[in-house]
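Student: One structure, pasted below without further comment.
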Amino acid sequence: MKIVLNHKSNLVYEQVIDYANQLENMKTTQELIVCPSSCYLSLFPKMNLGVQDVSCYDQGAYTGEITAKSVASLGAKYALIHHSEREKYFHEDIMIAKKKLQLALEAGLIPIICVGDHKSAHEKGTYLKEIKNQLEQLITEDMTNYIIAYEPLFAIGTGDIPYIGEIEQVISMIKNSYSSFVLYGGSVNQINVNQLKEIRGLDGFLLGGISLDLSSLQDLLAQL
Ligand code: PGA
């Protein structure tokens, strides 16, 4: 399975050195993709690398921005696009995400396109529609090499995940419409992974909190 480790804005240099060392020696048959803060990319020379975000601008006079081209030149292969925390804290809308997606593709990065629904959509039964709508806006027919991550908004960092049957419905709807790998993310841990891994068609997980705790991560990986 593909296991994406999203560190978010955690860890300082000494911690990353230690983490990278342990991660590189971790025994697993799963395909790990580590997404540290972009300033630490070079501290993971032996890993598959992704970034958590790219600029919506190409190279130029955009002080403080980190471009898709620059992270690709540092060895990143993947980029998270449309992660819900970008919308929640930085007010990024789907148009900005589309620009980022385009630039990531142009730089040769494989986008990991995150889509997520609200708790209310699960209460009303409209979650499939909500996810479909986001995918239709983000994915165009000419795109070939990308990954989709289903991350319910209310599940991120909360421990509150949808019913397995509902996740399964979303994964199967995505699989029927798009030829891409599909991941689930949102409060995945070493306890619920046992049930989650049984979801038909699922190709892996996008891990946030647990990716920082290497002994729990090892426990989780051992169950796959
Ligand atoms: P979480 O985060 O595992 O801490 O819920 C997942 C994510 O935000 O990608």
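Student: Give me a count of the residues in the stretch 69-100 that are within 16 Å of E151 (Cβ to Cβ) and hydroxyl-bearing (S, T, Y).
Tutor: Of the residues in the stretch 69-100, 3 are within 16 Å of E151 (Cβ to Cβ) and hydroxyl-bearing (S, T, Y).
Student: A104 - would you say it is part of a loop (DSSP other than H, G, I, E, B), more than 16 Å from the ligand (Cβ to nearest atom), over 23 Å from L196 (Cα atoms) and under 16 Å from the mean Cα position of the chain (by Cα)?
Tutor: Working: part of a loop (DSSP other than H, G, I, E, B): no; more than 16 Å from the ligand (Cβ to nearest atom): yes; over 23 Å from L196 (Cα atoms): yes; under 16 Å from the mean Cα position of the chain (by Cα): yes.
So A104 does not fit the description; no.
Student: Say whether the condition of being more than 12 Å from the chain's Cα centre (by Cα), within 16 Å of the ligand (Cβ to nearest atom) and under 17 Å from I156 (Cβ atoms) is met by at least one residue in the stretch 33-44.
Tutor: no
Student: Report, by residue number, each residue of the stretch 163-195 that is within 15 Å of the ligand (Cβ to nearest atom), crowded, with 17+ Cβ neighbours inside 10 Å and not polar (S, T, N, Q).
Tutor: Those that are within 15 Å of the ligand (Cβ to nearest atom), crowded, with 17+ Cβ neighbours inside 10 Å and not polar (S, T, N, Q): I167, V182, L183, Y184, G185, G186, V188, V193.
Student: Could you tell me whether A79 is under 19 Å from A107 (Cα atoms) and either within 16 Å of the ligand (Cβ to nearest atom) or aliphatic (A, V, I, L, M) (or both)?
Tutor: Yes; evaluated as a whole, the condition is true for this residue.
Student: Kindly indicate the residue of the stretch 198-213 that is of a type in the set (D, E, K, R) and either within 14 Å of I112 (Cβ to Cβ) or within 15 Å of the ligand (Cβ to nearest atom) (or both) and also surrounded by the most Cβ atoms within 10 Å (Cβ to Cβ) among those meeting that condition.
Tutor: D203
Yes/no per residue for (1) within 16 Å of the ligand (Cβ to nearest atom); (2) free of Cβ contacts under 8 Å to residues at least 40 places away in the same chain:
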residue	(1), (2)
G116	yes, no
L128	no, no
E141	no, yes
A149	yes, no
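No lab work stands behind these numbers, since they all come straight from the coordinates. All of these numbers come straight from a predicted model, not from anything done at the bench. As a convention, Cβ positions derive from the backbone with ideal geometry for all residues, glycine included, and neighbour counts pool all protein chains shown.
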